[in-house]
Structure formats: C-alpha cells, structure tokens
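Asker: I have a structure here, written as structure tokens, and I will follow up with some questions on it.
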Ligand SMILES: [Cu+2]
C-alpha cells in the first residue's frame with residue numbers, strides 16, 4: 001500500500017504541509033465566523049461546576065482595550081472562608097482558541113468573601129468567557145461567566 005506522500009512526485013512534497021496548513025486555517029476561519037451559542041447564560045452569578053462555591057461579579061461597563069477591575073464575591077457552599085491566594089482568574093474566546101490577552105490579578109481581599117480582580121482585558125468583539133477558579137480542600141473548582149462584546 002502506498003501513501004499519498006509516496007505517490008507524490010518528490011518536487012510536490014511542499015503540497016503536504018501546505019494542505020495541512022490550509023485545512024487548519026479553514027477550520028479556524030469557520031470557527032471564528034460561528035456565532036456564540038444562542039443559549040449562553042450571561043448572568044453575573046454562577047454556581048461552580050461541582051457546586052463548591054457560588055461566585056458573583058460586578059464587571060461594570062466593559063470598555064474594549066482597557067484593563068478592567070472587577071469586584072468578585074465568592075461564597076463557599078460549606079460556609080468555609082476563602083482567601084486571596086485560593087482564587088485565580090483566567091478566560092479567553094472559546095471560538096478563537098485564545099486566552100485573555102492579559103493575566104488577571106486577584107489583587108485585594110476586601111473581606112467577607114469579596115475580592116478585587118485587576119487587569120481583565122478584552123480586545124475584540126465576540127464571545128468571551130471568564131473563569132473564577134477556587135482551590136478547595138476537595139480540589140479545584142471553577143465558575144464560568146459568559147460575555148458577548
Ligand atoms: Cu478572539
């Protein structure tokens with residue numbers, strides 16, 4: 001059995017990586033053009049995946065291209081306290097395959113489960129997610145917030 005590559009004349013070998021690259025670019029292009037799911041939950045209070053906590057965000061008006069500072073409230077379902085070092089924030093654009101263009105910082109513990117998160121940046125229109133991760137005694141859990149800009 002001969003493969004496609006073996007049957008190609010040697011001077012045609014460039015066509016293989018080019019074909020792979022064009023296919024990948026086409027798939028990426030189609031993904032980028034797909035609209036966000038119509039049933040996205042856009043609420044500002046979400047329960048985490050394993051229901052270890054509930055997170056609420058106060059994003060305020062979002063200005064594209066300017067780092068945002070959000071107030072985030074994290075309430076553990078079991079009533080335990082959560083500290084600034086237990087929380088990380090990340091996100092990205094699911095349809096574009098890239099993360100946030102800047103790394104958010106959980107900058108300050110405001111007390112009573114409230115935290116200030118700096119450096120949340122959006123740089124293009126489309127569907128974004130922001131994930132609040134909390135390290136719990138049972139492992140890591142996350143709550144996901146959706147935004148369409
Ligand atoms: Cu993007």
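Read-outs: derived from the displayed coordinates by stated rules, not from any lab. A quick note: this is a predicted structure, and the numbers were derived from the prediction, not measured.
Asker: Ratio of the chain's C-alpha Rg to 2.2 N^0.38 Å, to two decimals? Please list the in-between numbers first.
Answerer: Details: Rg = 21.0 Å, N = 149, 2.2 N^0.38 = 14.7 Å.
Dividing the Cα Rg of the chain by 2.2 N^0.38 Å gives 1.43.
Asker: Relative to the longest principal axis of the C-alpha atoms of the chain, give the angle of the C-alpha long axis of helix 15-33, reported between 0 and 90° and rounded to the nearest 10°.
Answerer: The answer is roughly 40 degrees.
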